[in-house]
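Encoded as structure tokens, the structure appears first; notes follow it.
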Amino acid sequence: MKNLIKFPLMVSAGLVAMTTIANAAVEVETAFVFNTLMFLIGGFLVMFMAAGFSMLEAGMVRSKNVATICTKNIALYSIAGLMFWVVGYNLMYDIDAGGFMGSMGIWSSIGGDAGAEAGDFGDGTGYGAYSDWFFQMVFCATAASIVSGTVAERIKLWPFLIFCAVLTGFIYPIVGSWEWGAGWLDAKGFSDFAGSTLVHSVGGWAALVGAIILGPRLGKYRTVNGQTVVTPIPGSNLPLATLGTFILWFGWFGFNGGSQLALGSGADAMAIGRIFTNTNMAAASGTVVALILTQVLYKKVDLTMVLNGALAGLVAITAEPLTPSIGQAVLIGGIGAALVVFAVPLLDKLKIDDVVGAVSVHLVAGIWGTIIVPFTNSDATYGVQALGIVSIGAFVCIVSAIVWLVLKYTIGIRVTEEEELAGLDVSELGLHAYPEFTHDAKI
């Protein structure tokens, strides 16, 4: 009789255990789905930033160079994808802990999605391998987009694209492996949440070296009585540049929010909400600071500087968008914008021609955002942050200089004076972006 009583109880306990296991499996799979979805949403938002860079740069260059800058932007995005697949991803992530670079080889999802396809979704922290690759790839393309605007209006198309292939296939992945691939900087405690240094400063350093080696645009600088006189070269379409800035601002929510790398728990969801808020407020602060400073310094508001102020705020908060309070995010973004307002004329005094202000925005604000991480994140230290900034800057500058100089003394990197005066749309593409405005239309 006792055994008969125990039997239903044993069956009931077994059913409860089976239900518990089943529920746990569902929860793990649900976390896997949400983590994968987060990578995909973040990825296509960052991909849309390619359109933002293209529109910003198209608005900031002269009409005779618009078609060329658009060509460069869609080409560099595509080249980045191919190079990151062929060699970049494995260089960045197939690395031993504490190492300096990963392996050479084509990326494959084998070992990543295989378990998920068999129903093994891990411990709730997993995600689809393809979604991860896509998310990491669009970050790689962003680094190359930064270079495009700085060297615009006087660089040849194909040498620029060759440099982008080297940058996205080798330079960026190797640097990224030092921190995000658990390499030597990560082992020392370097912290860069979403890439103020690993993405933005890498692009900024490469752009700075390229601008120095390439030289300024014709007529940009002249010397009068020993003083450098800067000749402003207005862009063709400031509404388009403004649209590009808004697109970048929008895409940045994927850039920073997606870098949480998980959406499988309530804590992750709350963290992403905080990241979105801090990202938005840093950009808003940067905009207002640039607005006020240009009014005070130049007696008129400079729209291009206001746009760059917004972007500087975004770049500055990217190194650590999670730990700051809203007030701290406002402070970080505002100081980033202030630095840019003073960096732009400083580069002009040094006769470094940066067409869109990308070096000031992505390099200067990127350095600021990275060095200030310990202000809100006690796990980071100022010494290690400085070590990361200097070591990454040195590596990118040296390798970029070698590549730029090899291109310069082999196939050449700059168009002729005649081609520059006519515009790169004609010399490089044989067409006009705005045919009704840039030459006499023939009907």
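The values are calculated or read from the model by the stated rules, or taken from the named source; none is laboratory data. It should be emphasised that the depicted structure is a prediction, and the values quoted were computed from it without experimental measurement. As a convention, Cβ positions derive from the backbone with ideal geometry for all residues, glycine included, and neighbour counts pool all protein chains shown.
Among the residues in the stretch 58-70, are any within 16 Å of the chain's Cα centre (by Cα) and part of a helix (DSSP H, G or I)? No, because not a single residue in the stretch 58-70 is within 16 Å of the chain's Cα centre (by Cα) and part of a helix (DSSP H, G or I). Within the stretch 196-240, being within 27 Å of THR279 (Cβ to Cβ) and of a type outside the set (A, V, I, L, M) holds for SER196, THR197, HIS200, SER201, GLY203, GLY204, TRP205, GLY235, ASN237, PRO239.
Here's the yes/no breakdown for (1) out of contact with any Asp or Glu (no Cβ under 6 Å at 6 or more places or on another chain); (2) surrounded by 15 or more Cβ atoms within 10 Å (Cβ to Cβ); (3) within 30 Å of ALA386 (Cα to Cα); (4) hydroxyl-bearing (Ser, Thr, Tyr):
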| residue | (1), (2), (3), (4) |
| --- | --- |
| ASP186 | no, yes, yes, no |
| SER191 | yes, yes, yes, yes |
| LEU198 | no, yes, yes, no |
| ALA207 | yes, yes, yes, no |
| GLY210 | yes, yes, yes, no |
| ARG217 | no, yes, no, no |
| THR228 | yes, no, no, yes |
| PRO234 | yes, no, no, no |
| ASN237 | yes, yes, no, no |
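If you go through the stretch 282-305 and keep only what is surrounded by 24 or more Cβ atoms within 10 Å (Cβ to Cβ) and of a type in the set (A, V, I, L, M), you end up with ALA282, ALA283, VAL289, ALA290. Screening ALA152 against (1) buried (at least 24 other Cβ atoms within 10 Å of the Cβ); (2) out of contact with any Phe, Trp or Tyr (no Cβ under 9 Å at 6 or more places or on another chain); (3) of a type outside the set (Lys, Arg); (4) at pLDDT below 95 leaves a single unmet condition, (4).
In the stretch 30-42, the residues that are without any contact (Cβ under 8 Å) to a residue 24 or more places away in the chain form no Cβ pair under 6 Å with any partner that is assigned to a helix (DSSP H, G or I) and surrounded by fewer than 23 Cβ atoms within 10 Å (Cβ to Cβ), whether six or more places apart or across chains. Give the residue that is nearest to ALA386 (Cα to Cα), with candidates limited to residues of the stretch 301-334 that are of a type in the set (Ser, Thr, Tyr) and assigned to a helix (DSSP H, G or I). This residue is THR318. Residues in the stretch 250-273 that are under 20 Å from the mean Cα position of the chain (by Cα) and part of a helix (DSSP H, G or I): PHE250, GLY251, TRP252, PHE253, GLY254, PHE255, ASN256, GLY257, GLY258, SER259, GLN260, ILE272. Helices (runs of 4 or more DSSP H) fully within the stretch 124-242 that include at least 2 residues being over 23 Å from ALA312 (Cα atoms) and among the small types (Gly, Ala, Ser): 129-150. Please work out which residue is surrounded by the fewest Cβ atoms within 10 Å (Cβ to Cβ), limiting yourself to the stretch 335-366 and to residues that are touching a residue at least 40 places away in the same chain (Cβ under 8 Å) and part of a loop (DSSP other than H, G, I, E, B). Of everything passing the filter in the stretch 335-366, LYS351 is surrounded by the fewest Cβ atoms within 10 Å (Cβ to Cβ).
Residues of the stretch 347-363 that are among the β-branched types (Val, Ile, Thr) and within 14 Å of the chain's Cα centre (by Cα): VAL359, VAL361. Screening the stretch 49-70 for residues that are touching a Phe, Trp or Tyr at 6+ places or on another chain (Cβ under 8 Å) and within 8 Å of SER236 (Cβ to Cβ) and picking the one that is surrounded by the most Cβ atoms within 10 Å (Cβ to Cβ) gives VAL66. Does the stretch 367-390 contain any residue that is surrounded by fewer than 24 Cβ atoms within 10 Å (Cβ to Cβ), among the aliphatic types (A, V, I, L, M), in contact with a Leu (Cβ under 9 Å, 6 or more places away or on another chain) and not in a loop (DSSP other than H, G, I, E, B)? Scanning the stretch 367-390 turns up at least one residue that is surrounded by fewer than 24 Cβ atoms within 10 Å (Cβ to Cβ), among the aliphatic types (A, V, I, L, M), in contact with a Leu (Cβ under 9 Å, 6 or more places away or on another chain) and not in a loop (DSSP other than H, G, I, E, B).
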